[in-house]
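Contents: one structure, followed by commentary.
The values are calculated or read from the model by the stated rules, or taken from the named source; none is laboratory data. Keep in mind that what you see is a predicted model, and the values were worked out from it rather than measured. So basically every Cβ, Gly included, is an ideal-geometry build from the backbone, and we count neighbours across all protein chains shown. Ligands, DNA and RNA are excluded from the accessible area calculation, which covers all protein heavy atoms including side chains. Shrake-Rupley method; radii C 1.70, N 1.55, O 1.52, S 1.80 Å.
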Amino acid sequence: MNLRKTLQKTRDNFSKKLRNLFGKRDPKALVDFENLLIESDFGVDTAVSLVGTLEKTTPENYLSSLKKELINILNVSVGGNDYTKPIVELYVGVNGVGKTTTIGKRGWTLHGEGKKVLLASGDTFRTGAVEQLSKWGERINSDVVQSGYGADPAAVCFDAVDAAVAREIDYVLIDTAGRLHTRNDLMEEMKKIKKVLKRKREDLPQETILVVDGTTGQNALQQAKQFNEAIGITGIALTKLDGTAKGGIVVSIVNDIGIPVKYIGIGEEKGDLIPFSAEDFVTAILEE
Amino acid sequence: MFDKLGERLKNIARNLSGKGRLSASQVKESMRDIRRALLEADVNLNVAQDFVSEVENEAVARKIYDSFTPAETIIQIVGEKLIGLIGKAEPLVLDKQPSSILLVGLQGSGKTTTAIKLGIFLKSKGKNPFLIPADVKRPAAFEQLRDMAERENLPYFSERLDNEVKLCKQALSRSVLKRYDTLIFDTAGRLHIDIEMLKQIKQIKETVNPSEILLVADSMTGQDAVNIAQEFENALGITGIILTKMDGDARGGAALSMRKVTGKPIKFIGIGEKVDALEVLHPERLASRILGMGDLKTLQEKAEKAVEKEEVEKFQKKIQEGKLDLEDFLGQIKQLKRIGPLDALLDMFPGGKGLKKMMDEKQMVRTEAIIQSMTPKERQNPSILDSSRRKRIASGSGTSVQDINRLLKEFKMAQKLLKQMKGRGGPAALSSFFR
């Protein structure tokens, strides 16, 4: 599925309304514009601030300045990618956001690029999590490092890195248990995973990806803040954008915390995880 | 950070204390605050706007502009309306033999975990539940349900079929043989706009003829909750909502939206990963959560304060008539103690310095004790207090006759002060201070 097609519903709801509003060439339309942003989960603060940006321009320039501003916010420069093998990507997030599926899809992409991928199941809590990841392993022809139910997830990660070095693996994708950011014990467990990886090699993990459900509302900002504070997030994977949700909260997250969106999930198929480009995304949402 | 509605309302109350009646702009401002707080709790925009205008209408109907306790009245209305909107806890309807419960919802909303929790809940109610892993799509969905069911000693349908509809049909006939009375179907996660998947769930519905179709929804869901609920309602006709992951810090405003657009009750709330972490709905608790208040007690206390409005009015009338007695004095001292630090307040008050000594917090305790040791007759008419009565009161309140003399002198002063202030807008200022 391509981005344009997937975001069809979003465009129907958002872009059409927006064009209608801005088509009036009337500053009064900004009130409705603010409401439209709120309905798209941008949150009151971000909505007010975007309205403020448009107030500085004339109605005929609303669309172009909105586009410019959104791209400006979402375009966070990312550091160099000259990582040393193995590249370890740690996936974290609250329950049910799509961590395992995202990893499966990411593995699929890397596999398609001819990379050697190892999956590690750091979710030793949820029953079926290991099986779910193993099924993805079969699909993309990758080994899966795992341990029993209730095992120490940090130990699984430790073993995974050893295995990756021994097998000359390019990418290690680590799945972790879903945890609410309000659970101190589980946040500590996650810190330990990171610490163990660091002890293995100082530059590990090169990526710590927070998976955020695109249908989440204002709570996503809290999630991002808390996870970032606990272990330092390097990127966001925004999932489930194939519905009618607009995922507007991601603009607040990027704006507030300065973490870039790296991937967006737009479906359940293997190829439905695409690298995020602010330019393409904003264009896909705003175009007719 | 999120400003919590509870705190905002308390701020409104604080800002208004001592200011007397509300202005139209203050009402507008507090309505804006309420709207914003609801939006920050992920209540849908339209739902929030409707809610706020209802609150405003009701506030006007309750004569908010004439109220001496406007903030409390607004809080009371918000609480009432919110609890009304959330609705009552409604039990599961299990009217068939066996009864089927269909769990539906988006991916990752928590259906499988909820299925297990429901199984345990029903078992504890003396039912004989049977779990059916009807999700053949997500990898290892079967294993997840199987492992959890085995751990909790719950029977489940263990046959593997590629076709969900056939699977459900077979499970149903199995349950009759085995005499299970309640069937819980854990269906695949599906988007509310996935036409193929909705067609499939409709077929499942036709096959199992469920007593309950429960939409399992993540409490962290944003504005899209209305679309999700509406589409599932349109496609299937749901019978209720289960709100999951409420053990986090999501405010759960989405529940309000879903309830409003479907009119269907919120039946359960998931509050953790533990298998027994499932609660029936407590409307007050959910209302407090959405408002961002620790509990609704505060809200109730505020509401009770509004009842005291009548007392305040009675008091003001007495002041205007110059008929203030020690009984009123005692009532006011009790109210004053609730307001908190008095010094700052008294300084703002005309003639407050004279009263300050009398209102000294330690002194107040003594004053209260003295007045409480008086008979009602003495309180209403202090002039009858002769030396023998004073002696009796002193020993009764653990004070001295000098203390009583001092109080009576001060009381006379206050009465005089009130008379002086009469006709200068004084009583209004005083009564608002005494509120």
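Given the structure, is B:G79 over 30 Å from A:Q132 (Cα atoms), at pLDDT below 90 and more than 14 Å from chain A (Cβ to nearest Cβ)? It is true that B:G79 is over 30 Å from A:Q132 (Cα atoms), at pLDDT below 90 and more than 14 Å from chain A (Cβ to nearest Cβ).
Yes/no matrix, rows are residues, columns are (1) touching a residue at least 40 places away in the same chain (Cβ under 8 Å); (2) within 19 Å of B:R179 (Cα to Cα):
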| site | (1), (2) |
| --- | --- |
| B:I83 | yes, no |
| B:Q97 | yes, yes |
| B:G105 | yes, no |
| B:E143 | no, no |
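Within region A:222-246, the set of residues being of a type in the set (G, A, S) and more than 8 Å from chain B (Cβ to nearest Cβ) comprises A:A224, A:A230, A:G232, A:G235, A:A237. Picking from residues in region B:282-292 that are open to solvent by 40 Å² or more (accessible area, probe 1.4 Å) and touching a residue at least 12 places away in the same chain (Cβ under 8 Å), the one that is farthest from the other protein chains (Cβ to nearest Cβ) is B:E284. Taken together, the residues in region A:51-73 that are out of contact with any Phe, Trp or Tyr (no Cβ under 7 Å at 6 or more places or on another chain), within 15 Å of A:G248 (Cα to Cα) and open to solvent by less than 30 Å² (accessible area, probe 1.4 Å) amount to 4.
Applying the set (1) buried (at least 18 other Cβ atoms within 10 Å of the Cβ); (2) within 30 Å of A:I231 (Cβ to Cβ); (3) not assigned by TED's automatic domain parsing to the domain that holds A:A160 to A:Y91 leaves exactly one unmet item: (3). In region B:112-134 there is no residue that is among the charged types (D, E, K, R), closer than 29 Å to A:T101 by Cβ and either within 11 Å of chain A (Cβ to nearest Cβ) or surrounded by fewer than 22 Cβ atoms within 10 Å (Cβ to Cβ) (or both).
If you check A:T182, A:T127, A:T100, A:T176 for being of a type in the set (V, I, T), within 26 Å of B:D249 (Cβ to Cβ) and free of Cβ contacts under 8 Å to residues at least 40 places away in the same chain, only one passes: A:T127. Residues in region B:145-158 that are within 14 Å of chain A (Cβ to nearest Cβ) and either on the phi > 0 side of the Ramachandran plot or more than 36 Å from the chain's Cα centre (by Cα) (or both): B:R146, B:D147, B:E150, B:R151, B:Y156.
Looking only at region A:272-281, decide whether some residue is open to solvent by 20 Å² or more (accessible area, probe 1.4 Å) and charged (D, E, K, R). There is at least one residue in region A:272-281 that is open to solvent by 20 Å² or more (accessible area, probe 1.4 Å) and charged (D, E, K, R).
On the given criteria, is B:A217 under 32 Å from the mean Cα position of the chain (by Cα) and within 14 Å of B:K111 (Cα to Cα)? When the stated conditions are applied, B:A217 passes them. Which of the residues spanning region A:84-132 are over 13 Å from the mean Cα position of the chain (by Cα) and among the acidic types (D, E)? Correct list: A:E113, A:D123, A:E131. Looking at B:E150, B:E58, just one residue is open to solvent by 20 Å² or more (accessible area, probe 1.4 Å) and within 30 Å of B:A37 (Cα to Cα), and that residue is B:E58. Filter region B:164-203 for residues that are over 36 Å from the mean Cα position of the chain (by Cα), open to solvent by less than 70 Å² (accessible area, probe 1.4 Å) and of a type in the set (A, V, I, L, M) and give the result. Once the filter is applied, which keeps residues that are over 36 Å from the mean Cα position of the chain (by Cα), open to solvent by less than 70 Å² (accessible area, probe 1.4 Å) and of a type in the set (A, V, I, L, M), region B:164-203 yields B:V165, B:L167, B:A171, B:L172, B:M197. One residue stands out among those in region A:247-288 that are touching a Lys or Arg at 6+ places or on another chain (Cβ under 8 Å) and assigned to a helix (DSSP H, G or I): the one that is farthest from the other protein chains (Cβ to nearest Cβ), which is A:T283.
Note on region A:111-205: enclosed helices (runs of 4 or more DSSP H) holding 3 or more residues that are away from every other protein chain (no Cβ under 14 Å) and surrounded by fewer than 19 Cβ atoms within 10 Å (Cβ to Cβ) are A:153-166, A:184-200. If you check B:L45, B:L22 for being surrounded by fewer than 21 Cβ atoms within 10 Å (Cβ to Cβ) and not assigned by TED's automatic domain parsing to the domain that holds B:E212, only one passes: B:L45.
Number of residues in region B:228-279 that are open to solvent by 40 Å² or more (accessible area, probe 1.4 Å), out of contact with any Lys or Arg (no Cβ under 7 Å at 6 or more places or on another chain) and among the β-branched types (V, I, T): the value is 2. The single condition among (1) at pLDDT below 95; (2) crowded, with 20+ Cβ neighbours inside 10 Å that A:R106 does not satisfy is (1).
Evaluated against (1) within 30 Å of A:N184 (Cβ to Cβ); (2) out of contact with any strand residue (DSSP E or B) (no Cβ under 8 Å at 6 or more places or on another chain); (3) more than 12 Å from chain B (Cβ to nearest Cβ), A:S77 falls short on exactly one condition, (1). Taking every residue in region B:231-243 that is of a type in the set (D, E, K, R) and pairing it with any residue that is part of a helix (DSSP H, G or I) and buried (at least 18 other Cβ atoms within 10 Å of the Cβ), at least 6 positions away or on another chain, the pairs with Cβ-Cβ distances below 8 Å are B:E231/B:L198; B:E233/B:V261; B:E233/B:T262.
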